[in-house]
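The values are calculated or read from the model by the stated rules, or taken from the named source; none is laboratory data. Given the structure is predicted, the values throughout are model-derived calculations rather than measurements. Note that we place each Cβ from the backbone using ideal geometry, even for glycine, and neighbour counts take in every protein chain shown.
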Amino acid sequence: MQESLEMGGLTYPIEDNLVKVPEALWRTLVADRGPNNISAPSWYHRACLHCLIHVTPNGGLSTGVLKEQSGTATTMVTLLKRVQQVVWNRKFLLSKSKKLFGLAPTNAQEGDSICILFGCSVPVVLRKMESETGTYYHFIGESYIHGIMTERFWNNFRWNSASILIWIK
């Protein structure tokens with residue numbers, strides 16, 4: 001977990017007086033969504049901050065244990081449930097340029113491509129494959145890339161004749 005937190009912009013070891021969680025990190029942990037698929041509520045940031053206080057020295061965080069502890073605030077429990085839903089069977093990714101941070105399926109590998117396919121609502125991971133008949137792409141799974149699925153991004157984006165836009169190689 002330590003490496004994932006660092007990829008998300010958090011300095012390690014986590015300081016006791018931590019006052020801010022990098023936006024890319026906390027929004028990625030919840031796929032920028034809250035209850036009933038609404039935009040992530042701003043209080044998620046504060047709840048995430050309180051959860052990170054419980055990260056162990058080796059970088060571990062047991063969301064299940066923390067969620068079940070007596071006295072855990074309901075806001076933290078709500079956040080932890082969402083985090084568990086989002087990160088289940090996912091791993092963190094950071095592009096080679098270090099500009100894109102997000103989550104990918106656990107079987108994604110370095111060298112896979114993050115793509116936006118025309119008609120898909122989320123970026124997907126594809127793996128370039130070679131066969132006797134030519135080159136093709138194997139679908140690995142859906143991903144979450146912080147900042148890609150925002151209205152601001154799409155307002156500035158222009159599709160061209162290509163149906164695949166490769167972001168990471």
Quiz item: For Ala31, are the conditions met, namely being within 19 Å of the chain's Cα centre (by Cα), in contact (Cβ under 8 Å) with a residue 12 or more places away in the chain and assigned to a loop (DSSP other than H, G, I, E, B)?
Solution: yes
Quiz item: What number of residues within the range 31-46 are out of contact with any strand residue (DSSP E or B) (no Cβ under 8 Å at 6 or more places or on another chain), closer than 20 Å to Phe101 by Cβ and among the hydrophobic types (A, V, I, L, M, F, W, C)?
Solution: 0
Practice problem: Note down all Cβ pairs under 8 Å where the first residue falls in the range 116-128 and is at pLDDT 95 or above, the second is surrounded by 20 or more Cβ atoms within 10 Å (Cβ to Cβ) and not acidic (Asp, Glu), and they're at least six residues apart or on different chains. | Solution: none
Quiz item: Considering the range 97-115 alone, what residues qualify as being at pLDDT below 90 and either small (Gly, Ala, Ser) or touching an Asp or Glu at 6+ places or on another chain (Cβ under 8 Å) (or both)?
Solution: Ser97, Gly111, Ser113
Practice problem: Write out, first by first residue and then by second, each pair whose Cβ atoms fall under 9 Å of each other, whose residues are 6+ apart or on separate chains, and whose first residue, in the range 73-84, is in contact (Cβ under 8 Å) with a residue 24 or more places away in the chain while the second is in a helix (DSSP H, G or I) and of a type in the set (Ser, Thr, Tyr). | Solution: Thr75/Tyr44; Thr78/Tyr44; Leu79/Tyr44; Leu80/Thr63; Arg82/Tyr44; Val83/Thr63
